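Data block below; observations after.
Where a number appears in this text, it was derived from the coordinates with a stated rule and is not lab data. Bear in mind that the values here come from a model prediction, so they are computed numbers and not experimental data. Note that we place each Cβ from the backbone using ideal geometry, even for glycine, and neighbour counts take in every protein chain shown.
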Ligand SMILES: *Cc1c(COP(=O)(O)O)cnc(C)c1O
């Protein structure tokens with residue numbers, strides 16, 4: 001099946017729903033049965049049958065089928081947030097006494113899980129520079145149980161070699177998890193390289209309209225069944241049928257949104273690279289990117305998120321630049337229809353003890369669906385003000 005078939009047809013049984021083109025929104029908590037024996041048998045196979053929407057819901061079920069197929073995995077679960085998906089994928093695979101290797105400075109709440117929460121349950125993590133495979137090898141311990149990747153990372157865009165890490169992990173019977181939010185399944189499929197669990201924040205491109213917070217774990221049937229039975233049903237951080245429906249709607253245009261966002265970023269970057277007030281642009285498919293060869297090997301393309309370093313160490317000037325932008329809104333997140341700007345100087349997280357080590361002059365930009373030329377003009381006028 002190609003992307004369009006998966007996105008538009010897979011899991012949808014139009015004949016059951018009055019031939020409706022849009023999938024049905026089954027906004028219900030529970031499902032009823034005509035007999036006790038049918039009720040009992042449904043309860044015995046709650047993984048596959050709608051009983052109660054904390055487990056199985058038909059609208060969410062359609063989404064699960066599509067996302068699993070897009071990620072080239074057997075199954076998937078959809079959660080109330082990317083963080084719920086990430087925590088469940090990790091917690092499902094570690095026990096007291098285990099060791100985790102994680103790429104340094106992962107997404108802030110992934111960092112918090114591994115560095116602040118899991119040590120309380122006797123799970124320790126070593127954070128490494130993931131750009132060299134030797135660093136994974138050197139961090140191995142007898143009790144290493146899980147390797148956590150995020151490639152590319154969402155501020156600094158370093159990559160990890162999916163194939164090399166998956167091979168190393170398999171030789172040592174270690175489970176691998178990769179956060180694939182940046183690429184989406186259309187631009188990278190970690191499972192093709194042997195990564196065991198692929199996680200996403202569906203709050204970004206997958207939903208695509210800045211109106212949903214959700215997360216995804218894709219893996220084989222066995223691992224998904226285990227997460228379903230334990231973390232999914234117990235923590236109950238499930239997606240609501242309505243949010244699942246919104247993601248189904250968002251997915252219809254994923255390909256065209258992603259292409260547009262990525263093309264716009266690439267056009268804008270060409271202009272920014274020669275701008276006298278810009279020191280550096282960081283983008284995985286840029287000709288000057290240090291890991292470009294690896295990017296070309298494991299990614300089909302890079303998306304619409306990139307960082308710049310302004311040629312100033314002055315925080316006020318960075319603020320002025322960000323506040324002068326008209327189309328790029330000052331906000332966290334990315335992957336929606338709207339262009340965004342997020343300066344590193346805004347990343348001090350008061351609720352977590354994680355400190356970002358990002359430089360003062362670093363600004364993250366996301367190109368949405370607006371016109372590339374207008375966005376470019378917007379950046380130029382804001383640069384002129386500093
Ligand atoms: C946003 C994000 C997350 C967290 O997802 P939520 O849906 O916000 O919980 C995880 N990883 C990456 C790379 C992200 O950008």
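Would you calculate, for the chain, the mean residue ellipticity at 222 nm contributed by helices, counting each DSSP H stretch of 4 or more residues as -39,500 (n - 2.57) and dividing by all residues, to the nearest 500?
Details: 14 runs with 132 residues, N = 386.
The helix contribution divided over the chain gives -10000 deg cm²/dmol.
Once a ≥ b ≥ c are taken as the square roots of the eigenvalues of the Cα gyration tensor of region 268-343, is the result rounded (a/c under 1.5), prolate (a/b larger than b/c) or oblate (a/b not larger than b/c)? Walk me through the intermediate numbers first.
On the way: a/c = 2.47, a/b = 1.43, b/c = 1.73.
Taking the square roots of the gyration eigenvalues as a ≥ b ≥ c, region 268-343 is oblate.
For the chain, take the longest principal axis of its alpha carbons; what is the angle in degrees between that and the long axis of helix 82-91, to the nearest 10 within 0 to 90?
The angle comes out near 70 degrees.
Given a Förster distance of 22 angstrom, what is the FRET efficiency for residue 279 paired with residue 129, based on the Cβ-Cβ distance and rounded to 0.05?
Working: r = 22 Å, r/R0 = 1.00.
Plugging the Cβ-Cβ distance into 1/(1 + (r/R0)^6) gives 0.50.
Between residue 211 and residue 40, with labels modelled 7 Å along Cα→Cβ, what's the label distance in nm to one decimal, could you check?
Result: 4.5 nm between the two label points.
For the chain, modelled as a Gaussian network with Cα springs under 10 Å, which listed residue fluctuates most, 137, 298, 124?
Looking only at 137, 298, 124, the largest GNM fluctuation is found for 137.
What FRET efficiency comes out for the pair residue 348/residue 117, r = Cβ-Cβ distance, R0 = 35 Å, nearest 0.05? Before the final figure, lay out the partial values.
Values: r = 20 Å, r/R0 = 0.58.
So, using R0 = 35 Å, E works out to roughly 0.95.
May I ask you to list the residues of region 274-292 whose amide nitrogen lies under 14 Å from a point 7 Å from Cα along the Cα→beta-carbon direction of residue 311?
274-281
On a 0 to 90 degree scale, rounded to 10, what angle separates helix 254-273 from the longest Cα axis of the chain?
It is inclined by approximately 20 degrees.
Using a Gaussian network model of the chain whose springs link C-alpha atoms within less than 10 Å, name the residue from 154, 207, 303 with the highest mean-square fluctuation.
Top of the fluctuation ranking is 154.
Please give the contour-minus-distance gain from residue 374 to residue 263: 0.36 nm per residue of separation, less the Cα-Cα distance, rounded to one decimal in nm. It would help to have the intermediate numbers written out before the result.
Values: separation 111, 0.36 × 111 = 39.96 nm, distance 1.40 nm.
That works out to 38.6 nm of additional length.
Please label the shape of region 1-91 as rounded, prolate or oblate, based on the square roots a ≥ b ≥ c of the eigenvalues of the alpha-carbon gyration tensor (a/c under 1.5 means rounded; beyond that, a/b larger than b/c means prolate, else oblate). Write down the numbers at each step before the final one.
Working: a/c = 2.00, a/b = 1.15, b/c = 1.74.
Verdict is oblate for region 1-91.
DSSP beta bridges in the chain, what fraction antiparallel, as a percent rounded to 5? If you can, show how the numbers build up before the last one.
Numbers: 24 of 43 bridges.
Roughly 55 percent of the beta bridges in the chain run antiparallel, per DSSP.
Testing the spin-label approximation: label points 7 Å from Cα along Cα→Cβ at residue 1 and residue 137. State their distance in nm.
4.0
May I ask for the angle, rounded to the nearest 10°, between helix 162-171 and the longest principal axis of the chain, with both axes built from Cα atoms and the value confined to 0 to 90°?
50
By its C-alpha gyration tensor, with a ≥ b ≥ c as the square roots of the eigenvalues, how is region 145-270 shaped: rounded for a/c under 1.5, else prolate for a/b larger than b/c, else oblate?
The shape class here is oblate.
What residue among 82, 97, 208 has the largest mean-square fluctuation in a Gaussian network model of the chain, using Cα springs under 10 Å?
97
Take the alpha carbon atoms of region 295-352, find their center, do the same for region 133-174, and report the distance between the two centers in whole angstrom.
Here the answer is 27 Å between Cα centres.
If R0 is 35 Å, what FRET efficiency do you get for residue 31 and residue 253 from their C-beta distance, rounded to 0.05? Write out the running numbers ahead of the final one.
Values: r = 31 Å, r/R0 = 0.88.
The computed FRET efficiency comes out at 0.70.
Over the Cα atoms, compute the radius of gyration (one decimal) and Dmax (the largest Cα-Cα distance, rounded to a whole number) for the chain, in Å.
When restricted to Cα atoms, the chain yields Rg and Dmax of 21.5, 75 Å.
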